[in-house]
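Below: one structure, written as structure tokens.
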Amino acid sequence: MTHIDYSNSENWVSLPQINQEVDVFYVYPTIYTQESPANMDITDSKLRANAAGLLVAQAGVYAPYANVFAPFYRQQTAATQSMEANNGGRNAFADPVFRLGYQDVEQAFDYYIKHLNDGRPFILAGHSQGSMVIIELMRNRLADADLYAQLIAAYVMGYSVTQHDLEKYPWMHLAQGETDTGVIITYNTQGPHAGPSPVLLTGAVAINPLNWKTDASPAGRELNHKAIIFDDATGEVIEEIPNFCGAKIDLETGALIITDMQPVSSNKIDLKHLGRWSDEVYHRYDYAFFYENLKENVKKRIDSFMSS
């Protein structure tokens, strides 16, 4: 397989003007669904537009405070991803179709560090397959003490960081509060009666984005500043809902459980029929349900890092 040339700006969803003191390196989630080819064609104009929409719908929580770098990558199609509980017990990171996209991002990250970063502190961020990529990147690249020293935090929602990860890769630390740095923010959003999920793995760990605790302490919806639900493909805001829901961590499964969810007004939002996802697996809303809290938290962690 040919390599992607990341010195060519066409191969980046976002290559910013530098106007902030910190960067974010963001990897978009699964947007490619066709059966063939097995990996996304990064020249496809519709998919490129969808990736750009996610710069608003997800990376918008980082963009006010950081220079957003986001590479195109030949991600694995949804058509070859397992939807079984716990990914059927298989290691999704070992799938050769996933590995191709991962290797693209690893090359993009190495190019970014060498030619674009200029020593600035950075955030790693993703969602879903993008979070898988960031988790694998942390395993393979963040053992480097100098690089790790630049890490403000890694936001990897929509895939599981496990207890095994934390033990095997001692530089990977779960966040313990709202201002610690060099840490991982991770969770998978579900309802109390959720069906099976391929992204919630055995031994998953989580932090609650409403109270920034890792125990089972419930956070009421009064702590939820505002959910912002987007059309991910375009970045268009569909609805904004203050105090949308509460949340608590299920310590047995590691899932983030939604509580006291308020109704939505727009008929463009269907929280009952979730496509290929089981009932109450709110995977696609991991950012949206907690949007303003995440945005506030990004600023807090940046301020904490810069002041130390």
How much length would be gained if the chain were fully extended between Ser308 and Thr2, taking 0.36 nm per residue of separation minus their Cα-Cα distance, in nm to one decimal? 105.9 nm
Under a plain spin-label model, where a point goes 7 Å from the Cα along Cα-to-Cβ, how far apart in nm are Ser9 and Asp110? 2.5 nm
Counting Lys +1, Arg +1, Asp -1, Glu -1, what net charge surrounds Gln17 among other residues with beta carbon under 14 Å of its beta carbon? -2
Reach of Lys248 by Cα under 28 Å, taken over lysines that are not fewer than 8 positions away in the same chain: Lys168, Lys213, Lys226, Lys268, Lys272, Lys295, Lys299, Lys300
Once Rh is set to the Kirkwood radius over Cα pairs, what Stokes-Einstein translational diffusion coefficient, in µm²/s, holds for the range 1-87 at a temperature of 10 °C and a viscosity of 1.306 mPa s? 112 µm²/s
Consider just the alpha-carbon atoms of the range 185-225 and return their Rg together with their Dmax, both in angstrom. 11.3, 31
The long-range amide H neighbours of Ile238, using H built 1.01 Å from N in the peptide plane and a cut-off of under 5 Å, are Ile229, Phe230, Asp231
Per DSSP H run of n ≥ 4, the term is -39500 (n - 2.57); total these for the chain, divide by its residue number, and report the mean residue ellipticity at 222 nm rounded to 500 deg cm²/dmol. -7000 deg cm²/dmol
What FRET efficiency comes out for Ser82 versus Arg120 if R0 is 35 angstrom and r is the Cβ-Cβ distance? Round to the nearest 0.05. 0.40
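Provide the packing ranking of 96-103, 50-57, 35-42, 268-275, i.e. peptides ordered by the mean count of other C-beta atoms within 10 Å per residue, highest first. Can you show the working numbers first?
On the way: 96-103: 18.5, 50-57: 21.1, 35-42: 15.2, 268-275: 11.5.
My ranking of the peptides, most packed first, is 50-57, 96-103, 35-42, 268-275.
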Taking only the alpha-carbon positions of the range 80-195 as identical scatterers, the Debye log10 I(q)/I(0) at q = 0.21 Å⁻¹ comes out as -1.31
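If the chain between Asp270 and Ala216 were fully stretched, how many nm would it gain, using 0.36 nm times the residue separation less the Cα-Cα distance? Please report the intermediate quantities before stating the final value.
On the way: separation 54, 0.36 × 54 = 19.44 nm, distance 2.80 nm.
Full extension of this stretch gives 16.6 nm more.
Sum up the charges of everything whose Cβ sits under 12 Å from the Cβ of Ile185, counting Lys and Arg as +1 and Asp and Glu as -1, but leave Ile185 out. Intermediate results must be reported in sequence, preceding the final value.
Numbers: positive: Lys300, Arg301; negative: Glu178, Asp180, Asp286.
It works out to a net charge of -1.
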When all alpha-carbon pairs of the range 211-308 are counted, what percent fall beyond 22 Å? 34 percent
Within the range 9-307, the percent of DSSP beta bridges that are antiparallel, given to the nearest 5, stands at 45 percent
Compactness of the chain as Cα Rg over 2.2 N^0.38 Å, two decimals: 0.92
Most fluctuating of Ala49, Ala108, Ala153 in the GNM of the chain (C-alpha, under 10 Å) is Ala49
Most fluctuating residue given options Gln262, Gln150, Gln190, as computed from a GNM of the chain linking Cα atoms under 10 Å: Gln262
Using the Cβ atoms and a cut-off under 13 Å, what net charge is assigned to the surroundings of Ile302, where Lys and Arg are +1 and Asp and Glu are -1? -1
Can you tell me which of Ile241, Ile229, Ile135 moves the most in a GNM of the chain? Springs connect C-alpha atoms under 10 Å apart. Ile241
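Each value in this text was obtained by applying a stated rule to the coordinates, not by laboratory testing. Just so you know, these numbers come straight off a predicted model, no measurement behind them. Glycine also receives a Cβ, built like all others from the backbone with ideal geometry; neighbour counts cover every protein chain displayed.
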